Amino acid sequence: MRIVIDGQKVPVNVRVSRDLLMTLKAMSQTLHWRITYDTANELVYIYSPNYVMPGSLDRPAPVIEEPASQRLLGKIICLDAGHGGNDPGAIGPSGTMEKDNTLAITLLLRDMLENNGATVVLTRDSDRNVSLPDASAGEELAARVEIAKDSNADIFISIHNDSFTGNTAVGTTTFHYGDPQSIKLAALVQKNLVTELGTKDHSSRFASFYVIRYTKMTAILIQAAFISNPEEEVLLSSIDGRTKIAESIFQGIVNYYKV
Ligand SMILES: [Zn+2]
């Protein structure tokens, strides 16, 4: 990602992290900077309050305050970034890993939810195992369910990438474990995902994945796209694609609560 301050490119190429984005956001609020993101080109534009935009030489750039909505106030949402630590999940043809994509999408989604008043609990917020690194796959999944239970979450969302032998399989699927509320949320999230991403619609459907089977609240598991397909791998690993996925899930939650 490159940073452009008052029209001047900063001569460093930085790795995007939640810390960096949160720091920029906090600084922009206290210093009244205006920040815009060009996600397609991985550019962040920062304008100081006194910067005069070319073409509007008589007045400084307006300060735009980020709208803070409280429409999800009181909702507790547990987000589960699939895999992590010594479990990379599926690996794409170019070597990108499911665990990195799921975490990045989860962190973007967390910010969107928190900006709208929700309380967000994460099963992991970094590249690590949720239980101990030497735990079995079953213990790892049980640890995730335990966090959801302890958080008293209203909604549990597990985020994954799909994968298949060969590279031709494509598309999006959202799973539920059959209760009416989860069926409803899965359908809404699925609809937003395929509309926004333009991916093949495998529809929302029943599945018995451990994390949605043993969580007692409304729970869904999202296979956002196929990391085993080169085009969908790009979608999953780009800032633009990850943002679209996070926005679609966010919109599904908003639709679910009709807020
Ligand atoms: Zn997975």
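The values are calculated or read from the model by the stated rules, or taken from the named source; none is laboratory data. Not measured: the values here are computed from a predicted model. No Cβ is skipped: glycine too gets one built from the backbone with ideal geometry, and neighbour counts run over all protein chains shown. In case anyone asks, the SASA skips ligands and DNA or RNA and just uses the protein heavy atoms, side chains included. Shrake-Rupley method; radii C 1.70, N 1.55, O 1.52, S 1.80 Å.
Annotations
- Share of Cα-Cα pairs in the range 117-259 lying beyond 28 Å, as whole percent: 16
- Per residue, the chain reaches -11500 deg cm²/dmol at 222 nm when only DSSP H runs of four or more residues are counted, each adding -39500 (n - 2.57).
- Length gained when the stretch Lys258-Ala26 is fully extended (0.36 nm per residue, less Cα-Cα span): 80.5 nm
- Counting every C-alpha pair in the range 112-191, the share spaced more than 18 angstrom apart comes to 59%.
- Across the range 76-257, the relative contact order, built from alpha-carbon pairs under 8 Å that are at least six residues apart, equals 28 percent.
- Distance between the pseudo-spin-label points of Arg2 and Asp150 (7 Å out from Cα toward the beta carbon): 4.5 nm.
- Full-stretch length increase - Leu43, Ala142 - with 0.36 nm per residue and alpha-carbon distance subtracted: 31.7 nm
- A dipole drawn for the range 97-187 from +1 and -1 charges on Cβ atoms has a positive end, and of Ser126, Asn152, Gln181 the residue lying farthest that way is Gln181.
- Cα-centred dipole magnitude for the chain, charges only on beta-carbon of K, R (+1) and D, E (-1), debye, nearest 20: 540
- Scattering curve values for the chain, log₁₀ I(q)/I(0), Debye with Cα scatterers, q = 0.12, 0.16 Å⁻¹: -0.74, -1.21
- For the chain, with all protein chains in place and a probe radius of 1.4 Å, 55% of the accessible heavy-atom surface sits on carbon or sulfur.
- Packing here is the average count of other Cβ atoms within 10 Å per residue, and on that basis the peptides 196-203, 221-228, 103-110, highest first, run 221-228, 103-110, 196-203.
- 0 to 90° range, to nearest 10: angle between helix 98-114 axis and the chain longest Cα axis: 60
- Tilt relative to the chain, helix 180-197 - C-alpha long axis, 0 to 90 degrees, to 10: 50
- Take 124-135, 179-190, 73-84, 89-100 and order them by the average number of nearby Cβ atoms within 10 Å per residue, most first; the result is 73-84, 179-190, 89-100, 124-135.
- Gain upon complete extension [Glu231, Tyr214; 0.36 nm per residue less C-alpha separation]: 2.8 nm
- Counting all C-alpha pairs of the range 161-243, share separated by more than 19 Å (%): 38
- The charge dipole of the range 139-230, taken about its Cα centre with unit charges on the Cβ atoms of Lys, Arg (+1), Asp and Glu (-1) only, comes to about 260 debye.
- Electrostatic tally near Val170: other residues with Cβ closer than 10 Å to its Cβ, Lys and Arg +1, Asp and Glu -1, net -2.
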